[in-house]
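*Asks:* The structure under discussion is supplied below as structure tokens; questions concerning it will follow.
The values are calculated or read from the model by the stated rules, or taken from the named source; none is laboratory data. Note that the structure is a prediction, hence the values are computed from the model and not measured. Here the Cβ is made from the backbone with ideal geometry for all residues, glycine too, and neighbour counts use every protein chain on show. Side chains included, ligands, DNA and RNA excluded: accessible areas come from the protein's heavy atoms. Shrake-Rupley method; radii C 1.70, N 1.55, O 1.52, S 1.80 Å.
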Amino acid sequence: MNKGQNTIKSKKDNENPLQALKNGKQIDQNEYATKEGNNILEYLIRTKENEIPITIFTLVCAHKTKQKEYLLAVFTWTIETKFETQEKYIQEWSHIRTQIQNVNFKR
């Protein structure tokens, strides 16, 4: 494997790699398509770091190329869980999500 590259193996040829990434342990999991046709898997993970509860917001974007491969981009944003319901952070996550949904894949 080349440095900086990872491979996700699917059970079927040309299967969207988001299917391989789905995990029943994540909560608040959504999958949708952008207007450019990219697929996005969005989920939260709540855990602790140094005994501090944190929430990790994750967006995984999958873009199917003309070569029938997929390019993936993974974005995470982490905050203390106690801030998760505050309007300031809700708006910040909404802004981040909007920017990521407009991601432009080029190769």
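*Asks:* Identify, please: which residue in the range 30-51 is under 23 Å from E69 (Cα atoms), among the acidic types (D, E) and assigned to a strand (DSSP E or B) and is, among those, least open to solvent (accessible area, probe 1.4 Å)?
*Replies:* Taking the range 30-51 as the starting set, the residues that turn out to be under 23 Å from E69 (Cα atoms) are 30-42.
In the following step, the residues that additionally are among the acidic types (D, E) were identified as 31, 36, 42.
Retained after the next criterion (residues that are assigned to a strand (DSSP E or B)): 31, 42.
Details: E31: 72, E42: 19 Å².
Here the residue is E42.
*Asks:* While we're looking at this one, here's another question. Taking the range 84-107 on its own, how many of its residues are farther than 13 Å from C61 by Cα and surrounded by 11 or more Cβ atoms within 10 Å (Cβ to Cβ)?
*Replies:* 7
*Asks:* Which residues, counting only those in the range 50-67, are more than 13 Å from the chain's Cα centre (by Cα) and in contact (Cβ under 8 Å) with a residue 24 or more places away in the chain?
*Replies:* I52, P53, I54, T55, K64, T65
*Asks:* Can you name the condition, by its number, that Y70 falls short on among (1) over 17 Å from L18 (Cβ atoms); (2) touching a residue at least 12 places away in the same chain (Cβ under 8 Å)?
*Replies:* So Y70 meets the others, but not (1).
*Asks:* Every residue in the range 52-69 that is open to solvent by less than 60 Å² (accessible area, probe 1.4 Å) and either over 13 Å from R97 (Cβ atoms) or basic (K, R) (or both), please. Steps first, answer last, please.
*Replies:* Applying the first criterion (open to solvent by less than 60 Å² (accessible area, probe 1.4 Å)) to the range 52-69 yields 54-63, 65.
If the condition is that a residue be open to solvent by less than 60 Å² (accessible area, probe 1.4 Å) and either over 13 Å from R97 (Cβ atoms) or basic (K, R) (or both), then I54, T55, I56, A62, H63, T65 are the ones that fit.
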